[in-house]
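The values are calculated or read from the model by the stated rules, or taken from the named source; none is laboratory data. Please read these numbers as outputs of a predicted model, since none were measured by experiment. When we count neighbours, we look across all protein chains shown, and the Cβ atoms used for this are built from the backbone with ideal geometry, even at glycine.
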Amino acid sequence: MPDLPAIPLIEGGPLELMRAEPERLADLIRTAERAYTRPAIALGDAVSRRWLERVDHTHLDELRAVAAALGRPGAYLLNLSYEWACTSGVAADPAGGSRLLRVLDWAMPGLGRNLVVARQKGPAGDFLNLTWPGFTGVLTALAPGRFAAAVNQPPMRAHGLTPPLDWAVNKTRMWRSRAQTPAHLLRRAFETCAGYTEAREMLVATPICLPVLYTLSGTAAGEGCVIERTETAAAVHEAPAAIANHWLDMPDKGRPRGWQSPLRLRRMRELAGIGGDDLAWMEPPIRNPDSRLAAYLNAAAGRLRVQGWEADGPATRVFRLG
């Protein structure tokens, strides 16, 4: 097997990341154009931009700068994309504190090989964002000494129509909302929350424009939970807890997402008591052809292990910090 590339650690927010790694975003946009066609990307980008402008999005100026630097359609659409499936679990770490295990699945190739770790800053302190150039939200991150968290996508709401029409109805509801996106709310938590309790309160109570599943891990062994969210309601499951891509307590079960969500959930629950900070647990059914990222995060120790994946296996070396 040839030597795998390293995941770069980059200092700075989305604009610094874009300037440091422009080719990674260009590669992702080219891949999306091959899969969805350039006209479709341009249309989706224009619609996304109009919504972001209408709601006067918190990071609109930042998004405009990213779009200008990219020089082609796709940046706005990327930041409103919400088509992934994931598996996450939180439990006490045998080594001390609490730990989050995380796999992000997305069918689009290139996300594994283009993964970066960005050290970003906010009023509450630094955090490590596992991300991609051009993306301004947070899907998986670690704030050493504060907390770690990740986003999963819940089932698609069903309206008794075909899947494409159900999708269109859900998007229309989102366009009518003026609330924060789930990924940008998580960024706000990492930038402004001093610790687990404050982050939990924000993720439970703040209105959002789409349903989401958050997994949150603090520094103490008992600090951890899964938060099921609709736009205005929440259900909280205390650690040890795990989530894939189906609801646990919410009444609307919806259309399932991803590969074998119940099996992935069962396996992640079985991993609650494992020790070690390696990624040896990255095996089927949690690992699947859509897996693009596997990570271990311990906020108490400031310890991070993350690896990019593609359909044919590991795409990067394991990034180790702490």
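Annotation note: of TYR76, TYR36, the sole residue that is free of Cβ contacts under 8 Å to residues at least 60 places away in the same chain, under 30 Å from ARG264 (Cα atoms) and of a type outside the set (S, T, N, Q) is TYR36. For the range 78-131, a residue qualifies if it is more than 22 Å from PRO240 (Cα to Cα) and of a type in the set (Lys, Arg), and the qualifying residues are ARG113, ARG119, LYS121.
Please pick out the residue among SER98, SER81 that is over 18 Å from the mean Cα position of the chain (by Cα) and hydroxyl-bearing (Ser, Thr, Tyr). Among SER98, SER81, only SER98 is over 18 Å from the mean Cα position of the chain (by Cα) and hydroxyl-bearing (Ser, Thr, Tyr).
A quick yes/no check of all residues on (1) more than 30 Å from PRO5 (Cβ to Cβ); (2) not polar (S, T, N, Q):
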| residue | (1), (2) |
| --- | --- |
| VAL226 | yes, yes |
| THR230 | yes, no |
| ALA235 | yes, yes |
| ILE243 | yes, yes |
| LEU248 | yes, yes |
| GLY258 | no, yes |
| PRO285 | no, yes |
| ASN288 | no, no |
| GLY302 | no, yes |
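Of all the criteria given as (1) over 24 Å from PHE127 (Cβ atoms); (2) modelled with pLDDT under 95, the one not satisfied by ASP278 is (1). When LEU142, LEU128 are checked against the criterion of being at pLDDT 95 or above, under 22 Å from VAL236 (Cβ atoms) and in contact with a Leu (Cβ under 6 Å, 6 or more places away or on another chain), a single residue qualifies: LEU142.
Taken over the range 275-299, the residue count meeting the criterion of being surrounded by 15 or more Cβ atoms within 10 Å (Cβ to Cβ) and over 20 Å from ILE227 (Cβ atoms) is 14. If I filter the range 178-227 down to residues being of a type in the set (D, E, K, R) and either closer than 28 Å to GLY12 by Cα or surrounded by fewer than 22 Cβ atoms within 10 Å (Cβ to Cβ) (or both), which single residue comes out as nearest to the chain's Cα centre (by Cα)? Residue satisfying both the conditions and the ranking: ARG187. Of the residues ASP105, ASP45, ASP27, which single one is farther than 20 Å from ALA295 by Cβ, acidic (Asp, Glu), touching a residue at least 40 places away in the same chain (Cβ under 8 Å) and crowded, with 17+ Cβ neighbours inside 10 Å? Sole residue among the options that is farther than 20 Å from ALA295 by Cβ, acidic (Asp, Glu), touching a residue at least 40 places away in the same chain (Cβ under 8 Å) and crowded, with 17+ Cβ neighbours inside 10 Å: ASP27. May I ask you to verify whether ARG287 is in a loop (DSSP other than H, G, I, E, B), modelled with pLDDT of 95 or more and among the charged types (D, E, K, R)? Considered against the rule, which asks whether it is in a loop (DSSP other than H, G, I, E, B), modelled with pLDDT of 95 or more and among the charged types (D, E, K, R), ARG287 comes out as yes.
Somewhere in the range 96-103, is a residue out of contact with any Gly (no Cβ under 6 Å at 6 or more places or on another chain), more than 20 Å from PRO133 (Cβ to Cβ) and small (Gly, Ala, Ser)? Yes; the residues of the range 96-103 include at least one that is out of contact with any Gly (no Cβ under 6 Å at 6 or more places or on another chain), more than 20 Å from PRO133 (Cβ to Cβ) and small (Gly, Ala, Ser). Taking the numbered list (1) surrounded by 15 or more Cβ atoms within 10 Å (Cβ to Cβ); (2) part of a loop (DSSP other than H, G, I, E, B); (3) of a type outside the set (Val, Ile, Thr); (4) touching a strand residue (DSSP E or B) at 6+ places or on another chain (Cβ under 7 Å) in turn, ASP249 passes all entries but (1). Taking the range 262-274 as the range and being farther than 19 Å from ALA92 by Cα and either crowded, with 20+ Cβ neighbours inside 10 Å or in contact with a Cys (Cβ under 9 Å, 6 or more places away or on another chain) (or both) as the test, only ARG264 passes. Is it true that THR87 is touching a His at 6+ places or on another chain (Cβ under 6 Å) and buried (at least 24 other Cβ atoms within 10 Å of the Cβ)? It is false that THR87 is touching a His at 6+ places or on another chain (Cβ under 6 Å) and buried (at least 24 other Cβ atoms within 10 Å of the Cβ).
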